[in-house]
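Beneath this line is the structure, given in C-alpha cells, with notes to follow.
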Amino acid sequence: MTSGASSWSFGEEDARRIDGILTGFLRESSARTALIVDRTGQLVATAGEPPAFDPTAFASLTAADFSANDQLARMLGEPEFGALFHQGERESMYLADIARRVILVVLFDNRTTLGLVKLRVRATVQDLTKVFTEMFGRTRTDAPRVESGFLGDAEDEIDKLFGA
Amino acid sequence: MSMINYASREINCKLVYYGPGLGGKTTNLEFVYNKVAPGSRGKMISLATETERTLFFDFLPVDLGTIRGFKVKFHLYTVPGQVYYNASRKLILKGVDGVVFVADSQLERMEANIEAMQNLYDNMAQHGYDLTRLPFAIQYNKRDLPNAAPIAELQAALNPGWVVEDPARQRVLADAEHPGEFLVSQQDGQWIERAPYYEAVAVTGEGVFDTLKAISKTVVKTLG
C-alpha cells in the first residue's frame, strides 16, 4: 500500500512530444481543441484554439464525468467505456481513455464530423498511450522534486493567503 | 502525491473534505470562496441536488501564486455526505494529497461521524492509500451548538490514534495547537499517533482557515 496516489512528473520533453501528437491530430481531424486531463482532475496539456472557459473547472468535471461513466460501465458488466461522446447543437466533445491514467478530450464543431474525429482519435490514442506508458514507467528518484527554500516560501504564502 | 508539471511549471495539490451529511463541508468551501481574494481563486462548482445537498462534489481551485518558479494550486473538493452516494465519494478520493474530515460535533451525530470515518478508511484502502501516512486533519465543526459533544469524547470516538511502527517516528510530538496534548505519545508501552484536530464553526468561518492552513502546509511538505 502506498501512502497516497502515485506521483508523477511531467517534463518539457514530454510536453513537446505530446504537443506534437495533439497538433498533428487537430490538423488531420479539423477539431478545434484537444486537452489532456489526468484522472484526478488536473489539466496536463492543451493544444489548438485556447478554450474560452475556465480550464481548471473543466478538467475537474471531465475527470468526474469519465469516472462516473467508468462505474456505469462496470454495472453493465463492461470493464470500461473506452470513449464518450457528448453532442451539442454547435459544439461537441469526444473523450477517450489513455493508458487508464489520463483522458484525451477533443472539442469540435461543424467544421468536422464525429466519424472523422473518431477515426483520427484511434491512432492518436495509440501514440499517446506509448508516451504516457513510458512516462509512468520511469523509475522514480528520491531526489527532492522542488528546490530547497521552496517549502519555507510556500508556508509564507499559505499564511498570507489563508491568514497568519 | 501531487503532479508536478515541469513543462508548464505547475504544481497541483488535491485536498478533499470528507465527513457525514450536513456536517459543514460545503460551508467550509463557501467560506473560503467568499474570503479569499477573487484573483486567487477560480470558479466554485457545486454538483448539488435541488435541495442543495451535494450530489457529486463541490470544487474550488485556490491559487497560491508562483513560488520559486512554480505556480502552486490547491484544488479543494468536498464529497457528498450521504452514504448512498458512496460511489461518488470514492471517485473524488482518487489522487488525493490531503484529507480533512469534517465531523459534526452534535451528540446525536456521533453515529453518523463514526460511520463516515469508517467509510473514509475503507474507501482510501480500496484505492490503495494509507490514511495514516497521508496529510490528514480532523475538524470538529459546530462547536457553538449547545448539544456539541465534549472534545475528549469526539477524540476518543473518531481519533483514537494508530500504532506508530516506524522507529524513526517513535518520539513524543507535542500538539502545537493544543498545549498539554500530543500528536505522538506512548500509551501502555505502545507509540500512538493521532491526526491533528481543529475546532470550528464553519458558518461564521471560525476555524475554517486554521484547518485549511494546517492541511495545506502538511501537503506542501510532501513535495520536498
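The values are calculated or read from the model by the stated rules, or taken from the named source; none is laboratory data. In this text the structure is predicted, and so the values were computed from the model without any measurement. Cβ coordinates were reconstructed from backbone atoms using ideal geometry, including for glycine residues, and neighbour counts include every protein chain displayed.
For the stretch B:79-89, name all the residues that are more than 9 Å from chain A (Cβ to nearest Cβ) and assigned to a helix (DSSP H, G or I).
The initial filter retains those residues of the stretch B:79-89 that are more than 9 Å from chain A (Cβ to nearest Cβ), namely B:79-86, B:89.
Hits for the stretch B:79-89 are B:VAL83, B:TYR84, B:TYR85, B:ASN86, B:ARG89.
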Original post:
Has the stretch A:6-15 got any residue that is under 13 Å from the mean Cα position of the chain (by Cα) and under 25 Å from B:PHE59 (Cα atoms)?
Top reply: yes
**OP:** Scan the stretch B:148-163 and report the pairs whose first residue is among the polar types (S, T, N, Q) and whose second residue is in a loop (DSSP other than H, G, I, E, B), with Cβ atoms within less than 7 Å and a gap of 6+ or a chain change.
**Re:** B:ASN159/B:ARG194; B:ASN159/B:ALA195
Original post:
Restricting attention to the stretch A:97-117, does a residue exist that is more than 30 Å from B:LYS217 (Cα to Cα), of a type in the set (D, E, K, R) and part of a helix (DSSP H, G or I)?
Top reply: no
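Just for the stretch B:46-70: of the residues that are of a type in the set (A, V, I, L, M) and closer than 17 Å to A:SER67 by Cα, which one is farthest from the other protein chains (Cβ to nearest Cβ)? Walk me through how you get there before you give the answer.
Restricting attention to the stretch B:46-70, the residues satisfying the condition of being of a type in the set (A, V, I, L, M) are B:47-48, B:55, B:60, B:62, B:64, B:67.
Keeping just the survivors that are closer than 17 Å to A:SER67 by Cα gives B:47, B:55.
Working: B:LEU47: 8, B:LEU55: 11 Å.
Taking the candidates together, the pick is B:LEU55.
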Original post:
Restricting attention to the stretch B:40-59, does a residue exist that is within 16 Å of B:VAL220 (Cβ to Cβ), among the charged types (D, E, K, R) and either within 21 Å of the chain's Cα centre (by Cα) or part of a strand (DSSP E or B) (or both)?
Top reply: no
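When the stretch A:50-82 is examined, which residues are found to be in a loop (DSSP other than H, G, I, E, B) and more than 10 Å from every other protein chain (Cβ to nearest Cβ)? Show your work before the answer.
We begin by selecting, within the stretch A:50-82, every residue in a loop (DSSP other than H, G, I, E, B); these are A:50-54, A:76-82.
Once the filter is applied, which keeps residues that are in a loop (DSSP other than H, G, I, E, B) and more than 10 Å from every other protein chain (Cβ to nearest Cβ), the stretch A:50-82 yields A:PRO50, A:PRO51, A:ALA52, A:LEU76, A:GLY77, A:GLU78, A:PRO79, A:GLU80, A:PHE81, A:GLY82.
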Original post:
Among the candidates B:GLY19, B:GLY95, which residue alone is within 7 Å of chain A (Cβ to nearest Cβ) and more than 23 Å from A:LYS160 (Cβ to Cβ)?
Top reply: B:GLY95
Original post:
Hey, any hits in the stretch B:194-216 for a residue that's exposed (fewer than 14 other Cβ atoms within 10 Å of the Cβ), among the polar types (S, T, N, Q), farther than 30 Å from B:LYS35 by Cβ and away from chain A (no Cβ under 13 Å)?
Top reply: no
Original post:
Which of (1) touching a Leu at 6+ places or on another chain (Cβ under 6 Å); (2) surrounded by fewer than 23 Cβ atoms within 10 Å (Cβ to Cβ); (3) not basic (Lys, Arg) is the odd one out, the single condition B:TYR140 does not satisfy?
Top reply: (2)
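Does B:VAL102 fit the bill of being within 18 Å of B:PHE136 (Cα to Cα), surrounded by 17 or more Cβ atoms within 10 Å (Cβ to Cβ), more than 9 Å from chain A (Cβ to nearest Cβ) and in contact with a Gly (Cβ under 6 Å, 6 or more places away or on another chain)? Working first, answer last.
On the way: within 18 Å of B:PHE136 (Cα to Cα): yes; surrounded by 17 or more Cβ atoms within 10 Å (Cβ to Cβ): yes; more than 9 Å from chain A (Cβ to nearest Cβ): yes; in contact with a Gly (Cβ under 6 Å, 6 or more places away or on another chain): yes.
When the stated conditions are applied, B:VAL102 passes them.
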**OP:** Taking A:ALA47 as meeting all but one of (1) within 13 Å of another protein chain (Cβ to nearest Cβ); (2) out of contact with any Ser or Thr (no Cβ under 6 Å at 6 or more places or on another chain); (3) in a strand (DSSP E or B); (4) among the small types (Gly, Ala, Ser), write down the number of the exception.
**Re:** (2)
Original post:
Under 6 Å by Cβ, and 6 or more places apart or on different chains, what pairs join a residue from the stretch B:25-36 that is crowded, with 21+ Cβ neighbours inside 10 Å with one that is outside any helix (DSSP H, G or I) and aliphatic (A, V, I, L, M)?
Top reply: B:LYS25/B:VAL102; B:THR27/B:ALA202; B:THR27/B:VAL203; B:ASN28/B:ALA202; B:LEU29/B:LEU60; B:LEU29/B:LEU76
Original post:
If you check A:SER29 against the conditions, is it surrounded by 13 or more Cβ atoms within 10 Å (Cβ to Cβ) and modelled with pLDDT under 90?
Top reply: no
